[in-house]
Amino acid sequence: MTTPPVKIALASDHAAVALKAELADWLRDQGHDVTDLGPDTTDSVDYPDYGFKLADHVASGAAEFGVALCGSGIGISIAVNRNPGCRCALISDSLSARLSRQHNNANVIAMGARLIGIDAAKDCLSAFLATPFEGGRHERRVAKLTPA
């Protein structure tokens, strides 16, 4: 394992159930404490419901990081970002994943199951988890995004 174990919660809509399951298994194999917030089937669901659930879980401190997945990643990332305790970054490559942590102190990563393959998703998640927040000049900016 390249990063120390952390608590990670995952949630998706019906379009991303398979990707979520693969990532959850892979994260557990890496030694992380994983919570799958659903759904468990490909029956149609509304992504905001699962985005809100994930955001509440992360904002409460029950998980250090979150993984939000839907068909495009767009809808669920918008839902997560409605919670002022979350900074969710929609990413599609390892550089954007790394920068979301380094510069924005993102605590949730969002990806689109219809747009990204499992190997690329693992690379993104690895970069996200391995990158610390740089602080410094970014502190002031992130503070403006964080509730008082």
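Listing for the model above:
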quantity	calculated
Proximal lysines to LYS144, defined as alpha-carbon separation beneath 29 angstrom and excluding residues fewer than eight positions away on the same chain	LYS7, LYS53
Semi-axis lengths, Å, the chain, gyration tensor of Cα atoms, sqrt of 5 times eigenvalues	22, 17, 14
Average Cα contact separation per residue, the chain, under 8 Å, 6 or more apart, as relative contact order %	23
Lys, Arg +1 and Asp, Glu -1 on Cβ, resulting dipole of the chain about Cα centre, debye, nearest 20	760
Protection proxy ranking of 132-140, 102-110, 29-37 - average other beta-carbon atoms within 10 Å, highest first	102-110, 29-37, 132-140
Local net charge near ASP56, Cβ-Cβ under 12 Å (Lys/Arg +1, Asp/Glu -1)	+1
Label-reachable residues, the range 60-92, where backbone N falls under 20 Å from a point 7 Å from ARG141's Cα toward its Cβ	78, 81-82, 84-92
Helix-only mean residue ellipticity at 222 nm for the chain, each DSSP H run of n ≥ 4 adding -39500 (n - 2.57), per residue, nearest 500	-13000 deg cm²/dmol
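Values in this text are rule-based calculations from the coordinates and carry no lab data. In this text, all values refer to a predicted model and were calculated from it rather than measured experimentally. Note that we place each Cβ from the backbone using ideal geometry, even for glycine, and neighbour counts take in every protein chain shown.
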